[in-house]
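What follows is a short report on a single structure.
The values are calculated or read from the model by the stated rules, or taken from the named source; none is laboratory data. Owing to the predicted nature of the structure, the values given are computational and were not obtained by experimental measurement. Note that each Cβ is placed from the backbone with ideal geometry, even for glycine, and that neighbours are counted across all protein chains shown. Accessible surface areas use protein heavy atoms only, side chains included; no ligands, DNA or RNA. Shrake-Rupley method; radii C 1.70, N 1.55, O 1.52, S 1.80 Å.
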Amino acid sequence: MVKATYRDPRYRRGLTTMYELGGKEKTDEFLAGLSDICPALGEHIVSSIYGDLHQRPELDPAKRELIALAVLTALGGCEREIRLHTELALGVGLSAPQVVEVLLHTAAYAGVPRTLNAVLAARETFAELDLLPVTAGPAPGLPRPVEGTLS
């Protein structure tokens, strides 16, 4: 990491936000993982995404995490980031059922295979945090299965 970036107010703001959302240890570990190959990407993420975008007042951190999860699900192939943003979503006050609900909602727009991959990635985070099983109510108007039946 280039020390000069610490003088950049966008970078300082972004780093503070990342520390608040994900913790200092995980943030530093993430940035260290880029430092020997592409530190400019780390600086871009810190300054642009967390130093600028996350500072806009129109959306709170919980809504931003729900959007991130939906977009990452729609993109597909982002399971690492989905695990991270699942943890961040929980950290900003969202519940496991709320995270699962936004992932489920993406199935209608992004497709079942991508949603399945996202749900399984989120499951890994829930398992690490001892939050399984995740329970939510049934969809309105759908009958509940009878115990011991296949329906």
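Just a few scattered comments:
- For TYR6, solvent-accessible area (1.4 Å; no DNA, RNA or ligand), Å²: 90 Å²
- For region 61-137, projected area of the alpha-carbon convex hull averaged over all directions, nm²: 4.4 nm²
- Rounded to the nearest 500, the 222 nm mean residue ellipticity of the chain from helices alone is -19500 deg cm²/dmol, with -39,500 (n - 2.57) taken per DSSP H run of at least 4 residues.
- Compared with the dominant principal axis of the Cα atoms in the chain, helix 112-128 is inclined by about 70°.
- Packing-based ranking, highest mean first, of 31-41, 71-81, 98-108 given that Cβ atoms within 10 Å are counted: 98-108, 71-81, 31-41
- For the chain, size of Cβ-based charge dipole, Lys and Arg +1, Asp and Glu -1, in debye: 340 debye
- Over the chain, accessible surface divided per residue gives 64 Å², non-protein components excluded, 1.4 Å probe.
- In order along region 9-14, the phi-based Karplus estimate (6.51 cos²θ - 1.76 cosθ + 1.60, θ = phi - 60°) of 3J(HN,Hα) comes to x, 5, 5, 4, 4, x Hz; Gly and Pro are listed as x.
- Only one residue of VAL112, LEU129, GLY51 has its Cα farthest out toward the positive end of the dipole of the chain, where Lys and Arg carry +1 and Asp and Glu -1 on Cβ, and that residue is GLY51.
- Accessible surface of the chain [probe 1.4 Å, protein heavy atoms]: carbon and sulfur percent: 60 percent
- Calculated on C-alpha atoms, the gyration radius of the chain divided by its Kirkwood radius gives an Rg/Rh of 1.06.
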